[in-house]
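The structure under discussion appears below in the form of structure tokens.
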Amino acid sequence: MGAKGCTHIVRRTGNRFSVNAMSAISTKGRMHFMVFTETFDADVMCRFLDRLAGHFDRKVHLVVDGHSAHHSRKVRAWRAGHPDRIELHFLPSYSPELNPDELLNADLKRRLPMHSRPRDQAQLAAETRRFFHRRQRQPHIIRGYVSLPWGPVGYHTVLATLDSMRGDTRPAPWF
């Protein structure tokens, strides 16, 4: 506290800064993530797909939202070049309640301000990575992100639900 009658000076920058993050969450409590500072676009998505495919020796079924980068020509070309590595399944439009990544993001935004006050973009990126690394060691919390209003489910159930919403009767793949 300053002297009585003197205005307290807070030594902080007024500049705003941000980082972006994306993640893949499994029903078994595994999480893969990437924190980046550039705008999310097709190049970033392809980089994430490359990294994700490198972690598995089998095909990955990835549930994604309707972001334009997911539908881009470059991502379609990447998928065509790697049909045995990753298959994308798209959530219906305007359905954030079906996207476990939204719960992870909400958790990040709720927890991060309690633990630190980053002064620049590099510190924010480091704190975001630290949060994700901590969550990776907490599979019971990650499994809790994969849920629907009627309770925790596996991606195979989510995909089956999405397929039934589209009228598709094929069995849903396992994540």
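The values are calculated or read from the model by the stated rules, or taken from the named source; none is laboratory data. All values reported here derive from a predicted model rather than from experimental measurement. We place every Cβ from the backbone using ideal geometry, glycine too, and count neighbours over all the protein chains shown. For accessibility, only protein heavy atoms count, side chains too; no ligands or nucleic acids. Shrake-Rupley method; radii C 1.70, N 1.55, O 1.52, S 1.80 Å.
When segment 37-64 is examined, which residues are found to be under 16 Å from the mean Cα position of the chain (by Cα) and outside any helix (DSSP H, G or I)?
Matches in segment 37-64: T37, E38, T39, F40, D41, V60, H61, L62, V63, V64.
The conditions are (1) closer than 21 Å to C46 by Cα; (2) open to solvent by less than 50 Å² (accessible area, probe 1.4 Å); (3) part of a helix (DSSP H, G or I); (4) modelled with pLDDT under 95, and L112 fails exactly one of them. Which is it?
(1)
Looking at the structure I just gave you, is A80 modelled with pLDDT of 95 or more, loosely packed, with under 14 Cβ neighbours inside 10 Å and more than 20 Å from V146 (Cα to Cα)?
Against the criterion (modelled with pLDDT of 95 or more, loosely packed, with under 14 Cβ neighbours inside 10 Å and more than 20 Å from V146 (Cα to Cα)), A80 qualifies.
Quick one: which of D50, D43 is open to solvent by 80 Å² or more (accessible area, probe 1.4 Å) and at pLDDT 95 or above?
Unique residue meeting the criteria: D50.
Open to solvent by less than 80 Å² (accessible area, probe 1.4 Å) and of a type in the set (S, T, N, Q): is that true of T27 in this structure?
Yes; evaluated as a whole, the condition is true for this residue.
How do the pairs read when you match residues in segment 87-101 that are within 17 Å of R76 (Cβ to Cβ) with residues anywhere that are in a helix (DSSP H, G or I) and open to solvent by 50 Å² or more (accessible area, probe 1.4 Å), using Cβ under 7 Å and keeping only pairs 6 or more apart or on different chains?
L88/R79
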